[in-house]
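Asks: Right, I'll just put the structure down here and ask away after.
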Ligand code: PLP
């Protein structure tokens, strides 16, 4: 038999996060590799979904989501960013931010197109594009401030460049793009006539009084920007698969049609649960979740510093990239496995976030865990308990 799988298969075969998670489960360790937040889901969200299931919201929804969810998303977007989004025609509810990004790439880009991407990057973005034949062109952010310049962008642009992708606050660096940086991106996008894809899934987790600025709100950016976000992180419902793309109706329509083709719709009763959460939870809820992540960031980064693995202290999101170059091993993977072996705590080798070798001395830890588990992880790292 000469049956074979696609060449594309190789793109998804190797996932550092998956392999570290498997290894972590094998040794019954604490998994700080996966970006899963295990905080409680707000009651109003659970009750909303439960009610919807009991009262018959169990069939397909329209391809772009239930109106009440789109309306609630539009209201939240206005409240937090000032964006004026029409729930009719400008919002596509998808299967997570992941589904929204995939549908966006399917709808707006062709194989052979190029997209400017910052590294360290979120691996799903890269593999999603590569599996569609879209080529990422990398701009490496320079620590400690994860800086980039206009020149860095100009160096990678070609006649095939169609978009620039950013993620703010970013995974894994926790970079919150400042207004002047967004202005550089906006000017670049305008001068080369590019789409701006912006993944804002961590928009509510910004620390030390910083402000999340939605790139679409910069002057002249509204029409070319596809804003992607979702409910996974803010309501701690990563398994519910609820996200969305916000954009001009000219792009929303094809994005919605591909969303229909791949996902049909996001889970119907869960859309209602999310709508109730967006309608009923006030600004204090969002602030409390962000504050909780900030407290954990400080505790966890202090632990890393104390044990000689100095962290890059994130400005937002819920990860830290730490310098693990002092650990034994040739590669980041060896060092991460060594740490897991010695302490029972799993992280992601930094090589998962770079094309080149810049990540070999780094590892990403997710600190969005319930306090008892995070405390256990911190004592294990300090060598205080088995
Ligand atoms: N975008 C980024 C940058 C992420 O880090 C993640 C999850 O870790 C996602 C998207 C996935 O979001 P969703 O669960 O809404 O698909």
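Asks: In segment 241-255, is there at least one residue being over 14 Å from residue 107 (Cα atoms), touching a strand residue (DSSP E or B) at 6+ places or on another chain (Cβ under 9 Å) and surrounded by fewer than 24 Cβ atoms within 10 Å (Cβ to Cβ)?
Replies: The answer is yes; a qualifying residue exists.
A quick yes/no check of all residues on (1) farther than 22 Å from residue 26 by Cβ; (2) modelled with pLDDT of 95 or more:
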site: 279; (1), (2): yes, yes
site: 303; (1), (2): yes, yes
site: 321; (1), (2): yes, yes
site: 343; (1), (2): no, yes
site: 349; (1), (2): no, yes
site: 356; (1), (2): yes, no
site: 364; (1), (2): no, yes
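Asks: Mind checking which pairs have a first residue in segment 218-240 that is closer than 16 Å to residue 266 by Cβ and a second that is assigned to a helix (DSSP H, G or I) and more than 16 Å from the ligand (Cβ to nearest atom), Cβ under 7 Å, 6 or more apart or different chains?
Replies: Listed by first residue and then by second, the contacts come to 234/286.
Asks: Hey, among 336, 302, which residue is part of a helix (DSSP H, G or I) and under 26 Å from residue 11 (Cα atoms)?
Replies: The unique qualifying residue is 336.
Asks: In the list 245, 274, 266, which residue meets the criterion of being within 20 Å of residue 44 (Cα to Cα), outside any helix (DSSP H, G or I) and within 16 Å of the ligand (Cβ to nearest atom)?
Replies: So the residue among 245, 274, 266 that is within 20 Å of residue 44 (Cα to Cα), outside any helix (DSSP H, G or I) and within 16 Å of the ligand (Cβ to nearest atom) is 266.
Asks: Looking at this structure, is residue 163 more than 11 Å from the ligand (Cβ to nearest atom), crowded, with 22+ Cβ neighbours inside 10 Å and in the same structural domain as residue 125 (by TED's automatic domain parsing)?
Replies: Judged against the criteria, residue 163 is a match.
Asks: Which members of segment 24-35 meet the condition of being surrounded by fewer than 18 Cβ atoms within 10 Å (Cβ to Cβ) and either touching a residue at least 12 places away in the same chain (Cβ under 8 Å) or within 14 Å of the ligand (Cβ to nearest atom) (or both)?
Replies: Hits for segment 24-35 are 27, 28, 34.
The values are calculated or read from the model by the stated rules, or taken from the named source; none is laboratory data. Because the structure is a prediction, the values reported are computed rather than measured. A quick note on method: Cβ atoms are made from the backbone with ideal geometry, for glycine too, and the neighbour counts reach across all protein chains shown.
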